[in-house]
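Working notes for the structure below.
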Amino acid sequence: MRLVINVVILVLGATASISHNVVETLNGAIRGKLVRDLNVTYYAYLGIPYAEAPTGQLRFKPPVPKKPWNGTLDASAYGPVCPQDEMYHKRSDMNEDCLNLNVYVPARPALAPTPVLVYVHSGELTLLSGRPYVLGPQFYMKYGVLLVTMNYRLGALGFLSVQTEEAAGNAALKDILLSLQWVKKYISQFGGDPDNVTIGGESSSAVLVQYLTLSERSSNLFHKASIISGSALSYRFFNRHPIKSALELGKKMGYHTEDPNELVRKLQEADVFDIVTAQGDKTNKRNGFRPFAPFTPVAETPSPHAVITQHPLQIVNQGIPQVIPIISGITTQEGIKMLPFIRQNPILAVHLNENFELCIPSDIEYPYGSLESKDLANSIKQFYFNNETISNTTFVVELCQLGIRHSGHLLYR
């Protein structure tokens, strides 16, 4: 991982900084703080709102830019994180008014505008935040890179779609786009170079970064990309049946309607944590061997707000709209994080023996139970497991290999 980060730093280039902790922007003044940590010194501007609260009628819709504020914004503490399961953040840290970003500036003499890294957090599209839970800013500060991180809506709040204007989908991608527009507009006030912006991500956030490279709406918002251990071409990260996913969520919440617009109205009135609880129900996942949630990017109906309107592979075949330098790669032992889940759930092996069609990737849409589907399932079982009965203690390595080979961790085929 250090090798990958070093390469990113080399691409970013020279250093620059500011020398005070109050920054004036068109939205209002922002007061940060000076931080000394791990032998590096930097300014931190935390919890800066870049959008209005995506609540009520704005839930599931594109983000609305934050209105200017009076006085000086205190940006010395992190803002709320977006609603999610209590795995990495406490419920008390969460609020639906969570669309804020963090700016970290090296405390160095200004030699030139500072290159900017906008880093999108990972978390399986359902967890974590722009806070430094996994990666802190210290490494980038050491190398003189201005770092920006942000929150974006997660799970159903960020990806639910009924293919109408009320909930077109890809709200999370639109959040990231708006934060990039904020960077383009304001980062020079922090000493950053708006014409030297690299966007980066790993795992699920690498998927989001790649999606942005496939959208014309991101033009001129970044100039390089780092895409590590994730791909928009993976079947796990594209929802072919978004309305079905939305209706299933509604049923889990007691909304027995087949009208997508009525469902959206009910969901906009629902308690946000009821949505989080329902989307986290394991029975709402595709199956035990496909661990990502059912709310992922979709192909939107064309509109002024649409980010992606085709399957990503179609876009690649037609020509990628953002022709920029890209660093890509994978981590070693890709997919090994599934091992504990498999070992702790022996029922998975039972289900697999009973129905090997569970192993067929979701983008191969043979009708369930059809002759074609069963033949393919038998071929997979023969190729990977020699047609033997699978136990929880003998199949973990083979199953992980199966997941890796089908995971789509290739940027472009």
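Rule-based calculations on the coordinates, nothing more; no lab input. Small disclaimer: the values here were computed from a predicted structure and weren't measured. Counting neighbours? That spans all protein chains shown, and the Cβs are built from the backbone with ideal geometry, glycine included.
Computed quantities for the displayed model
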{"read-out": "Relative contact order (percent, whole number), segment 77-183, Cα cutoff 8 Å, 6+ residue spacing", "value": "28"}
{"read-out": "Of all DSSP beta bridges in the chain, antiparallel share, percent nearest 5", "value": "50"}
{"read-out": "Inter-label distance for LYS244 and THR301, nm, one decimal - labels placed 7 Å from Cα along Cα-to-Cβ", "value": "2.0"}
{"read-out": "Contact order relative to length of segment 14-109, as percent, for alpha carbon pairs under 8 angstrom and 6 or more apart", "value": "37"}
{"read-out": "³J(HN,Hα), Karplus 6.51/-1.76/1.60, whole Hz, each residue of segment 378-391, x for Gly, Pro", "value": "5, 5, 4, 5, 5, 5, 8, 10, 6, 6, 8, 5, 9, 10"}
{"read-out": "Shape category assigned to segment 315-381 from the gyration tensor of Cα positions, a/c cut at 1.5", "value": "oblate"}
{"read-out": "In Hz, Karplus ³J(HN,Hα) per residue of segment 124-134 (6.51, -1.76, 1.60; θ = phi - 60°; x = Gly, Pro)", "value": "6, 6, 10, 9, 6, 6, x, 5, x, 6, 9"}
{"read-out": "Full-stretch length increase - THR277, GLU388 - with 0.36 nm per residue and alpha-carbon distance subtracted", "value": "36.2 nm"}
{"read-out": "Shape call, segment 48-144: gyration tensor on alpha carbons, a/c limit 1.5", "value": "oblate"}
{"read-out": "Exceeding the 21 Å Cα-Cα cut-off - candidates LYS185/LYS224; LYS61/LYS174; LYS33/LYS67; LYS33/LYS174; LYS66/LYS174", "value": "LYS33/LYS67; LYS33/LYS174"}
{"read-out": "Full-extension gain in nm, GLU86 to GLU24, via 0.36 nm per residue minus C-alpha separation", "value": "18.7 nm"}
{"read-out": "Per-residue ³J(HN,Hα) for segment 351-366, Karplus 6.51 cos²θ - 1.76 cosθ + 1.60, θ = phi - 60°, Hz, x for Gly and Pro", "value": "4, 5, 5, 6, 8, 6, 5, 4, 7, 6, x, 5, 7, 9, 8, 5"}
{"read-out": "Relative contact order, percent, segment 175-257 [alpha-carbon distance under 8 Å, six or more residues apart]", "value": "26"}
{"read-out": "Chain lengthening between THR55 and THR41 when straightened (0.36 nm per residue, less Cα-Cα)", "value": "1.3 nm"}
{"read-out": "Ellipticity estimate at 222 nm from DSSP helix runs (n ≥ 4, -39,500 (n - 2.57)) divided over the chain, nearest 500", "value": "-8500 deg cm²/dmol"}
{"read-out": "Angle between the chain longest axis and helix 204-213 axis [Cα atoms, degrees, rounded to 10]", "value": "70"}
